[in-house]
Number of protein chains: 2
Amino acid sequence: MPALANKVYFNYGGQGPLPTPSLEAIQASWRTIQELGPFTGSVWPYVEGTVSSLRRRLARWCGVPGERLAFTENVTSGCVLPLWGLPWQAGDELLIGDAEHPGVVAACRELAQRQNLELASLPVAEARSSSEAAQAAVLESLERSLTPRTRLVVLSHLLWNTGQLMPIAAVAARLAQHPNQPWLLVDGAQSLGSVPVAEAAAAADIYACTGHKWCCGPEGLGVVALSERLLEQARPTLIGWRTLADESADTGAFHRDGRRFEVATSCTPLFAGLSSSLTLLEAEGTDQERLALIRQHSARLWEGLGTIASVHPLLAEPPPAGLVSFTVEGQDPATLVQRLGERGIWLRNLPDPACLRACTHITTTPSDLEAMLKALQELVAA
Amino acid sequence: MPALANKVYFNYGGQGPLPTPSLEAIQASWRTIQELGPFTGSVWPYVEGTVSSLRRRLARWCGVPGERLAFTENVTSGCVLPLWGLPWQAGDELLIGDAEHPGVVAACRELAQRQNLELASLPVAEARSSSEAAQAAVLESLERSLTPRTRLVVLSHLLWNTGQLMPIAAVAARLAQHPNQPWLLVDGAQSLGSVPVAEAAAAADIYACTGHKWCCGPEGLGVVALSERLLEQARPTLIGWRTLADESADTGAFHRDGRRFEVATSCTPLFAGLSSSLTLLEAEGTDQERLALIRQHSARLWEGLGTIASVHPLLAEPPPAGLVSFTVEGQDPATLVQRLGERGIWLRNLPDPACLRACTHITTTPSDLEAMLKALQELVAA
């Protein structure tokens, strides 16, 4: 991974490093497409095979049949696209976690404005105690926040800011008891590649992921897992030749499976790149084994941070995955990010809650952790 | 261009070959991103510079300020995305050319169904006489088809099936006289890189293009030029961090320029690849000079086809650009495509009107043309 060769990297939650074999797979895919095509009868079996192979692999990762996956350009498209075609009624309520990404929140706000829906906030950002207690707190918060008009709940699997894990399957089970059976949209931006997602992806109606963060695939390719009822109830909104069951027929009938949310030409070599990155991850162990390693690193960082005076991790216990967020008394987070960057150590700051976020992956090394803790200690003391 | 080395290629309108320097530019971009980032303070100036540089170049090609361009994954997204946020009134009429791509037609049909709009057809497919006469026929057809409720006209710049050129600027001028001042959506899938587009792109409200056909860029990157009034009137629908004026602010305010229709993470290396391909095209001459060369090749093909008994070009005169469509008496188009493919000669068939389509670009050679004509002659005689 050339990206890791010349820096101390803690921004896996922003974008993961691309392994050299994956870049080579991308290049090889382009060469194959040019050799066989680019637009010939000879190239289609290759293109279809590349896409299908990734679909099958992601179906295994997500624990849903491949027919329920749709490929997207990024995780946001996966979250937002299916929403616009749902049968909303004026007055329906969207219950949105208070630690969601601003893009998804803005999309819901626009949807609400155009369809005369109501917005409500689901408090989860303050659930920072032990994983078990936090999950109970989230379910209590859900209980208090549901109303008879709740029609959609929006929640990330792994909160991008606090790093807390949300009890998605339990949330889904609770929603199934609600008279409206509200749809459950899960932003999986931080989860695919870092925590096992199969249970949550199978429980959600919309479970949107990207390949370019924890999966260490190329930027520009994501996937969304959709429930059977979602596929029945949601009409496609962004429609192109890939949406259509038969491009040459005049019926305009849509695919009934996940492809109804695919649009038009995508970059096939990216599919080859993501396949390569997923294969490399699989070679490092099961998703449980990889999470254990990620947590080992994040726990070491969390503990080390706790020993620096004026540094306060957001979570009360070692993180459930690889996101380690913390505040530093009397320091501007953006300046601190810049100073660490000058030393070749990269993390990021977040606006709400205002904090710094360092991510550990299976590729994180003991010397990465030492370097981060040492530099922080020096900068905080300075 | 490796794609052209081992075949006789006439599918530029499906996908253009990727020049080796552009594939190298893509690889180099990925290496730079990994070296500087992928997610660090050091990489952002490079990413921003790569995107801005392509934006400036495409602004020159499209004859509009860069602020009025939005990058998209493909041409369909460029056509469809801005439509969903326009202030429609029930009963508004969408007047759609009868030779448009099925994807765009299906998208308009869905929009009409959800917003209670009416669909009407603008007959242009039969305009197959000389360019000048065809353009007059299209304007007459428009005159007959406009109603007081017309609110949008959808027309390709270069029809993907007949290969006829539409008088976009004249259509726009006529629409400006209409009391509703209907919006004009132009599908530029076949035009950018084959014909000069600046006049048409500046006249349309939505002028959507792709980089992977006549521009010979990588698949997965398109651009749409938007009018000032469109940017004022249309709200974004697919919303993500790139849509937002300030990702970290809670206001959720959108960019006022073209970026309001951009969504989230795209594949930056594709921007470097398309820049490379456009640079290579620029080195071959002005857009007028390149069109002259394309037309020289398409005229030669058109003339040759006319000498084969039972082969009938769709257009009455040599084509205005590089699309040469024709029918063959007593032959199934799909079978003919397959037989030519077996000889390493690639064109495609189209469903409506049922025909074969061969595209000539500046890279087309006399021997390509000879090979196609010779093979057709043999297969038709057989």
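The values are calculated or read from the model by the stated rules, or taken from the named source; none is laboratory data. Everything numeric here is computed off the predicted structure, so don't read it as measured data. Every residue, glycine among them, receives a Cβ derived from its backbone with ideal geometry; neighbour counts consider all protein chains shown. SASA here: full protein model, heavy atoms, side chains in, ligands and nucleic acids out. Shrake-Rupley method; radii C 1.70, N 1.55, O 1.52, S 1.80 Å.
Remarks
- The residue among A:THR307, A:SER53, A:GLY97 whose Cα reaches farthest toward the positive pole of the charge dipole of chain A, with charges on the beta-carbon of Lys, Arg, Asp and Glu, is A:SER53.
- Here B:TRP302 sits with roughly 50 square angstrom of accessible surface, probe radius 1.4 Å.
- Between B:PRO17, B:PRO179, B:PRO353, the residue with the greatest mean-square fluctuation in the GNM of chain B (Cα pairs under 10 Å linked by springs) is B:PRO179.
- Cβ-vector label at 7 Å, B:ALA309, separations to other copies in nm: 10.2
- Solvent-accessible area lost in complex, 10 Å² minimum, residues of the range A:337-381 relative to chain alone, 1.4 Å: A:TRP346, A:ARG348, A:PRO351
- The fraction of Cα-Cα pairs per 5 angstrom bin, counted from 0 for the range A:33-178, comes to 2, 8, 15, 16, 17, 15, 10, 6, 5, 4, 3, 1 percent, rounded to whole percents.
- For A:ARG56, A:ARG260, B:ARG229, B:ARG300, the ranking by accessible surface with the largest value first comes to A:ARG56, B:ARG300, B:ARG229, A:ARG260, using a 1.4 Å probe.
- Within 10 Å of the Cβ of each residue in A:112-119, the mean number of Cβ atoms contributed by other protein chains is 1.
- Inter-copy separations for A:ALA169, label at 7 Å along Cα-Cβ, nm, ascending: 6.5
- About its Cα centre, the dipole of the range B:265-382 is roughly 160 debye, where the only charges are +1 on Lys and Arg Cβ and -1 on Asp and Glu Cβ.
- 3J(HN,Hα) along the range A:291-298, derived from phi through the Karplus expression 6.51 cos²θ - 1.76 cosθ + 1.60 where θ = phi - 60°, amounts to 4, 4, 5, 4, 5, 4, 5, 5 Hz, with x in place of Gly and Pro.
- Within 10 Å of each Cβ in A:67-75, the average number of Cβ atoms from other chains: 3
- Residue-level accessible surface for A:CYS79, protein heavy atoms, 1.4 Å, Å²: 0 Å²
- Under a Gaussian network description of chain A, with springs only between Cα atoms under 10 Å, the residue in A:THR251, A:THR72, A:THR335 that fluctuates furthest is A:THR251.
- In order along the range A:140-146, phi translates into HN-Hα couplings of 5, 4, 4, 4, 6, 8, 5 Hz, rounded to whole numbers, per the Karplus curve 6.51 cos²θ - 1.76 cosθ + 1.60 with θ = phi - 60° and x for Gly and Pro.
- Modelled FRET efficiency - R0 22 Å, A:GLN181 with A:GLN89, Cβ distances, 0.05 increments: 0.95
- Modelled FRET efficiency - R0 25 Å, A:GLN115 with B:ALA120, Cβ distances, 0.05 increments: 0.40
- Chain B residue nearest the axis that carries B onto A, by Cβ, with distance in whole Å, is B:GLU73, 2.
- Overall form of the range B:1-106 per C-alpha gyration tensor (a/c, 1.5; a/b vs b/c): oblate
- Between B:ARG56 and A:ALA28, the C-beta separation translates, for a Förster distance of 45 Å, into a calculated FRET efficiency of about 0.90.
- Cα centroid separation, the range B:1-65 to the range A:225-286 (Å): 24 Å
- The share of C-alpha pairs in chain B whose separation exceeds 34 Å stands at 30 percent.
- Relative to one another, the C-alpha centroids of the range A:305-372 and the range B:75-147 are positioned 54 Å apart.
- Burial order of peptide ranges A:220-226, B:234-240 (average beta-carbon count within 10 Å, highest first): A:220-226, B:234-240
- Percent of beta bridges antiparallel (DSSP, the range A:30-280, rounded to nearest 5): 40 percent
- Rg ratio for the range A:285-381: its Cα radius of gyration over 2.2 N^0.38 Å, N being its residue count, equals 1.03.
- Subtracting the Cα-Cα distance of A:THR307 and A:SER42 from their residue separation scaled by 0.36 nm leaves 89.3 nm.
- Annotation for A:ALA136, label-to-label distances across the other copies: 8.5 nm (shortest first, one decimal, point 7 Å from Cα along Cα→Cβ).
- As a size descriptor, the averaged projected area of the C-alpha convex hull of the protein assembly as shown was calculated at 30.6 nm².
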